[in-house]
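Take a look at the structure below.
The values are calculated or read from the model by the stated rules, or taken from the named source; none is laboratory data. Values in this document were obtained by computation on a predicted structure and should not be read as measured data. Heads up, the Cβs are rebuilt from the backbone with ideal geometry, glycines too, and the neighbour counts pull from every protein chain shown. Remember, those area values only see protein heavy atoms, side chains included, never the ligands or the DNA or RNA. Shrake-Rupley method; radii C 1.70, N 1.55, O 1.52, S 1.80 Å.
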Amino acid sequence: ARRFGRSAVLAGRGDRGAVVAVPHVGTLSLLTAGACPPNPQELLLRPALAALLGELHNEFDVILFDTPPASLYADAQSLAFRAGSAIVLARKDHTNMADMASTTRVLSDTGTRVVGTVFNAI
């Protein structure tokens, strides 16, 4: 159920139980985004995000957040700042080098460590 995702956890309407194991994929677990909140930036600035990250760091070696495009929305910068590091994704025939450079610079300027890039050729 989409309503029990990250947005519900950050809004206080869900808990750590919203993270579910993905069957037959080793130790992979997933926390969906949940319902689209009317105030995504406000949710990302709440102390609940730091609390969730703390809980997840105790259980998982790697935590990945999928965000809307960083060049269009501030969600990516907010999440990356709170997480401390980011992987920047480029999409063939959609992402230009100037946007990649700008996104990487903005993330670095806010103290986020860019740990890698992914090129999606599909």
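For GLU59, the shell of other residues with beta-carbons less than 15 Å away shows a net charge of -2, using +1 for Lys and Arg and -1 for Asp and Glu. Of the residues ALA18, LEU28, ALA98, the one whose Cα sits farthest toward the positive end of the charge dipole of the chain, with +1 on the Cβ of Lys and Arg and -1 on the Cβ of Asp and Glu, is ALA18.
Using helices alone, what [θ] at 222 nm do you get for the chain, with -39,500 (n - 2.57) per DSSP H run of 4 or more residues, divided over all residues and rounded to the nearest 500?
Details: 5 runs with 46 residues, N = 122.
The per-residue figure over the chain is -10500 deg cm²/dmol.
For LEU89, nonlocal amide neighbours, meaning residues 5 or more places apart or on other chains whose placed amide H falls under 5 Å from its own, are VAL118. Taking the accessible area of segment 22-122, probe 1.4 Å, and keeping the other protein chains in place, the carbon and sulfur fraction comes to 59%. Heavy-atom accessible area with a 1.4 Å probe sorts SER108, SER7, SER29, largest first, into SER108, SER29, SER7. In the full protein context, segment 1-116 carries 66 Å² of accessible surface per residue, based on a 1.4 Å probe and ignoring ligands, DNA and RNA.
Stretching the chain fully between ALA101 and ILE63 yields a gain of 11.3 nm (0.36 nm per residue, less the alpha carbon separation).
For ILE87, neighbours were defined as the other residues whose beta-carbon sits under 11 Å from its Cβ, and their charges (Lys and Arg +1, Asp and Glu -1) total 0. When the alpha-carbon atoms of the chain are used, the pair Rg, Dmax equals 15.0, 40 angstrom. What is the antiparallel percent of DSSP beta bridges lying wholly in the chain, to the nearest 5? Looking only at bridges with both residues in the chain, the antiparallel portion is about 20 percent.
Ordering ILE63, ILE87 by accessible area with a probe of 1.4 Å, largest first, what comes out? All intermediate terms of the calculation are to be shown ahead of the outcome.
Working: ILE63 45, ILE87 90 Å².
Correct descending sequence by accessible area is ILE87, ILE63.
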